[in-house]
Amino acid sequence: MELSASVTENIIIAGDSAFIHDNSYGQLVSCACKGILFEENRNVIENNPAFKDIDKDVLKAAYSGIVTLVIEAAKHDSTAENLSTFLEDCKYTVDRISTFNKIFLSQKSHIQLLLGKVGSSFPHIVDVEWRLDYYIKSNNLEKIDSAVYLINLKTEEPDEQTIKDIQFSCTLEQLQDLVGKLKDATKCMEKIAQV
Amino acid sequence: MEEVDRIIVHSLRSIGCDVEDDIQSLRQFGTELIIATVVQCLKVILGDIDLPSSLPPGMSARFRLGASLANHVQDLGYKGGDLGYQTFLYSNETEVRKIFMFLVEKLPKESSQAADEPIGASVLLQRAISTEINTQLSMAWLPSFLKDKGVRNRSKPPGWQIEGACCLQHYHSCPVFIPKSIGNISNKVPKELRSYYIKHLPYVTNQTNLHRDLAPSIMEANSLEVAVSQDWENEWNQIGLASRLSQQEFKKRKYEKLLKMIKDRLQQDSQLQEKIDSQTAISDLNQILTNIETQNKTGNVKTKGSRFAHTEKLQYAKDEEKTMSQIGPAVPEKDKDTEEELEKKRKEEVDSLRTELSSITAGLEKLELEVKKFSTGRQEMEEEMATQKKSIEEKNAAYKVKKRTLDLLPEAEANIEKLQQLVETSSQRLINLSKQWEAHRDPLIQQYNELSQLNSKRESEAEKKLEEIKLFRNKMKEVADDARRKEELHKQLVSEYERMTKDVNRSAYTRKILEIVANIKKQKQEIDKILVDTKSIQKEINSLTGKLDRTFTVTDELIFRDAKKDEAVKKAYRFLAALHENFEQLISTVEDTGVVMREIKDLEEQVEIESNKKVLSNLEKISVDLQQMKKENATLLAKVKGK
């Protein structure tokens with residue numbers, strides 16, 4: 001976990017009892033977690049009575065430090081030990097470290113979910129519809145007599161709420177080839193899982 | 001033996017020998033496999049030796065390989081019987097087992113060393129990925145409409161996971177502003193900035209337009225700052241330190257260099273463009289250039305003092321004029337737009353104002369100089385006055401003394417005596433006082449000395465304690481680091497231990513060893529019992545033979561005495577002798593049969609051992625190999641002759 005100098009400075013401010021009192025510190029951490037997680041709580045810190053004694057500039061600095069720390073710690077999947085060593089270096093007391101760990105670790109998986117939502121992906125297949133058609137003849141050929149699969153893949157795409165369709169037709173051999181490729185991919189995943 | 005074989009096979013597999021899974025005992029080992037495993041063992045034990053790991057096709061090469069293997073094994077200190085190429089090429093089970101037992105014992109115990117080294121981060125990451133994929137693979141498929149925006153609840157390990165792509169959002173970030181150096185006392189934030197922080201800056205979670213851009217924005221801001229500081233550190237270490245400038249100077253120089261480069265490039269381009277393009281582009285460029293100039297100026301104003309900055313500003317203004325005049329001709333004079341004229345007018349106005357300003361500042365400077373001169377003159381005068389006052393006081397004192405002596409002059413002798421008396425009394429008083437002073441002084445000095453000693457002692461103690469505290473601090477840090485490292489190692493080892501396949505169970509081995517020991521004990525007891533039995537039987541036999549001898553001699557004597565008198569008794573005596581002889585023969589035959597039986601048993605055992613040695617098959621192999629060798633020799637000879 002790498003944090004820049006100004007962020008570390010702000011984290012130290014948040015841990016300094018000269019700036020943030022012991023009883024408002026826990027509120028600060030939980031406000032940071034809420035502000036990251038929920039849109040309706042993004043400004044929950046603004047009019048919180050717990051912080052009315054604290055200078056606004058100090059509070060803003062400490063808040064930004066804690067927010068950055070929470071996001072980075074969730075990103076690196078930090079454990080309680082890692083966090084305590086880091087916070088010890090920032091001159092945190094044992095009480096404050098345990099408060100932070102308690103609040104953060106209970107929210108870590110949620111924040112990780114939130115972070116996991118950032119990114120792009122190929123269309124994700126969730127379902128498939130298929131139909132087997134039989135061509136008898138066309139205007140060019142009197143007799144075709146071949147089977148054709150009509151495949152319709154239902155996919156999810158990033159930033160799209162609705163499910164999209166990918167349609168194609170293929171012969172039996174092509175379909176077998178596709179199935180073989182899919183099986184290969186599954187095997188590949190299993191191989192990775194076994195390491 | 002099977003147990004031993006299994007241990008050997010396992011340890012051979014663990015050093016990377018290619019032993020197939022269905023091979024469980026050494027009996028199943030073929031010549032090829034024996035050679036390959038022995039070579040692998042030697043490679044592990046000796047490090048680098050030049051041996052082919054597979055059996056060469058040529059017979060002579062095989063022979064050489066076998067011989068060199070035997071040499072290597074004997075060099076390691078093998079003492080079990082004679083070792084040669086035949087041991088490997090025409091193997092028998094017991095010898096091969098002996099050799100493998102020896103080699104496995106000689107294998108370096110590297111497993112314990114390897115465990116001490118911590119595993120790299122990439123390996124840990126890979127493992128985490130594989131366990132995650134494993135858990136996800138082991139879960140049942142769930143239709144997408146059962147998941148809330150692609151988030152799926154899972155029970156083992158408890159938590160959530162994202163499936164599908166419908167909930168994903170593209171990475172999009174916007175700049176966030178974080179208050180800096182609030183807690184830093186030495187580097188105070190300007191008042192205006194502070195009031196902006198307090199009144200207007202929104203909280204960091206409220207700065208992005210969309211809430212979902214928050215996490216990317218914050219991560220980007222953090223990593224950007226980290227990357228910038230790393231880059232700067234690299235540059236400073238590589239180039240900056242060598243230039244022997246302070247950090248600020250180095251930065252300033254770099255900034256100026258960059259600005260100059262941009263300016264030069266823009267000027268060149270504008271000169272090139274002059275012929276081709278219309279004037280709008282040129283005026284744009286013009287603006288950019290002036291922008292750069294003003295930036296440069298403001299940058300300097302910040303760093304320098306006010307008056308100095310002022311003069312510099314003027315200098316820069318001159319520079320700017322130069323560049324302006326350079327660029328000025330670039331603007332075609334034919335078409336005189338109103339804007340152009342206005343600008344020119346403005347320029348002229350600015351110029352006139354500047355000259356006025358410079359003249360005024362020059363006047364100001366002159367005036368300031370004069371003020372300085374005057375103030376220095378005033379100081380000098382004040383000093384002189386003070387010295388004069390001092391001399392007046394001294395002269396007054398001298399005058400008073402002289403006046404008194406003059407008053408005393410008329411009655412000189414009486415006055416002299418008075419004065420002498422006065423002097424004596426005062427000198428006496430002085431002596432008294434000095435005595436008193438001494439009396440007071442001694443204890444005070446002693447006290448002072450004691451106190452100062454105490455003080456110095458205390459100081460030294462305090463210093464010592466400080467040093468101790470420092471030492472303890474360092475030790476604490478070290479110990480904490482150590483503990484942390486050890487904890488990490490412990491975690492790794494625990495995870496490793498959990499991951500380890502436990503096919504070779506230690507406890508099972510120990511149990512088996514204990515069983516074997518118990519078996520051996522039982523066997524020993526039985527052997528002892530049998531020995532006791534045989535001894536008792538031997539004793540019985542001995543006593544019986546003794547008894548027999550004694551009874552025989554007794555009866556012999558009795559019958560012999562009577563035999564002289566009676567003919568029938570004589571006959572009986574002869575019968576007795578015959579009986580005795582016959583029985584003796586019988587006993588000796590029984591003993592002989594026993595010996596023969598034992599011999600038979602020995603021979604049978606030998607036959608078994610010999611048959612175990614696969615002599616016949618080996619013989620066949622040897623003869624085949626011999627023929628092949630002969631063939632090879634023949635071909636070689638033919639080749640030689642052909643040449």
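The values are calculated or read from the model by the stated rules, or taken from the named source; none is laboratory data. Being a predicted model, the structure only gives us computed values, none of them experimental. Note that each Cβ is placed from the backbone with ideal geometry, even for glycine, and that neighbours are counted across all protein chains shown.
Laid out as a table, the results:
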| item | result |
| --- | --- |
| Out of B:Val569, B:Val596, sole residue that is under 28 Å from B:Leu544 (Cα atoms), in a helix (DSSP H, G or I) and modelled with pLDDT under 85 | B:Val569 |
| Region A:1-37, subset closer than 16 Å to B:Ile218 by Cβ, assigned to a loop (DSSP other than H, G, I, E, B) and of a type outside the set (Gly, Ala, Ser), residue modelled with the highest pLDDT | A:Leu3 |
| Residue match in region A:179-192 (condition: surrounded by 12 or more Cβ atoms within 10 Å (Cβ to Cβ), farther than 24 Å from B:Phe145 by Cα and away from every other protein chain (no Cβ under 13 Å)) | no |
| Identity of the residue in region A:22-46, of a type outside the set (Phe, Trp, Tyr) and over 24 Å from the mean Cα position of the chain (by Cα), that ends up farthest from the other protein chains (Cβ to nearest Cβ) | A:Asn23 |
| Residue within region A:4-12 that is surrounded by 14 or more Cβ atoms within 10 Å (Cβ to Cβ), in contact with a Leu (Cβ under 7 Å, 6 or more places away or on another chain) and in contact (Cβ under 8 Å) with a residue 60 or more places away in the chain present | yes |
| Residues of region A:149-178 satisfying the condition of being away from chain B (no Cβ under 11 Å) and touching a residue at least 40 places away in the same chain (Cβ under 8 Å) | A:Ile166 |
| Set B:Glu382, B:Glu348: member being assigned to a helix (DSSP H, G or I) and over 30 Å from B:Asn286 (Cα atoms) | B:Glu382 |
| Residue identified as of a type in the set (D, E, K, R) and in contact (Cβ under 8 Å) with a residue 40 or more places away in the chain among B:Arg354, B:Arg346, B:Arg378 | B:Arg354 |
| Matching residues, region B:121-144, being part of a helix (DSSP H, G or I), touching a strand residue (DSSP E or B) at 6+ places or on another chain (Cβ under 8 Å), more than 7 Å from chain A (Cβ to nearest Cβ) and free of Cβ contacts under 8 Å to residues at least 24 places away in the same chain | B:Thr135 |
| Tally of residues being facing chain A (nearest Cβ under 10 Å) and either within 18 Å of A:Ser4 (Cβ to Cβ) or among the basic types (Lys, Arg) (or both) across region B:190-216 | 8 |
| Yes/no for B:Ser112 being modelled with pLDDT of 80 or more and of a type in the set (S, T, N, Q) | no |
| Filter pass, B:Glu463 being without any contact (Cβ under 8 Å) to a residue 60 or more places away in the chain, on the phi < 0 side of the Ramachandran plot and not β-branched (Val, Ile, Thr) | yes |
| All positions within region B:115-144 that are under 20 Å from the mean Cα position of the chain (by Cα) and at pLDDT 75 or above | B:Ser122, B:Val123, B:Leu124, B:Leu125, B:Gln126, B:Arg127 |
| Near pairs, Cβ below 9 angstrom, 6+ apart or cross-chain, from region B:526-539 (surrounded by 10 or more Cβ atoms within 10 Å (Cβ to Cβ)) to any residue that is in a helix (DSSP H, G or I) | none |
| Selection count where residues are of a type in the set (A, V, I, L, M) and more than 8 Å from chain B (Cβ to nearest Cβ), scope region A:112-148 | 8 |
| Selection from region A:124-152 of residues that are in contact with a Phe, Trp or Tyr (Cβ under 8 Å, 6 or more places away or on another chain) and under 19 Å from A:Gln176 (Cα atoms) | A:Trp130, A:Arg131, A:Leu132, A:Asp133, A:Ser146, A:Ala147, A:Val148, A:Tyr149, A:Leu150, A:Ile151, A:Asn152 |
| Whichever residue in region B:1-32 is crowded, with 19+ Cβ neighbours inside 10 Å and more than 36 Å from the chain's Cα centre (by Cα) and, among such residues, is nearest to B:Ile516 (Cα to Cα) | B:Asp5 |
| Flag if B:Lys147 is at the interface with chain A (Cβ under 7 Å from one of its Cβ atoms), surrounded by 16 or more Cβ atoms within 10 Å (Cβ to Cβ) and either modelled with pLDDT of 75 or more or touching a strand residue (DSSP E or B) at 6+ places or on another chain (Cβ under 6 Å) (or both) | no |
| Residue that is nearest to A:Asp77 (Cα to Cα), among those in region B:162-175 that are in contact with a helix residue (DSSP H, G or I) (Cβ under 7 Å, 6 or more places away or on another chain) and within 8 Å of chain A (Cβ to nearest Cβ) | B:Ile162 |
| Residue list for region A:56-109, restricted to those being free of Cβ contacts under 8 Å to residues at least 12 places away in the same chain and not in a helix (DSSP H, G or I) | A:Thr79 |
| Residue selected from region A:47-102 under the condition β-branched (Val, Ile, Thr) and either in contact with a Leu (Cβ under 7 Å, 6 or more places away or on another chain) or at the interface with chain B (Cβ under 8 Å from one of its Cβ atoms) (or both), by the criterion nearest to B:Asp481 (Cα to Cα) | A:Thr85 |
| Total residues in region B:457-515, condition closer than 30 Å to A:Gln194 by Cα, more than 29 Å from the chain's Cα centre (by Cα) and either at pLDDT 85 or above or aromatic (Phe, Trp, Tyr) (or both) | 1 |
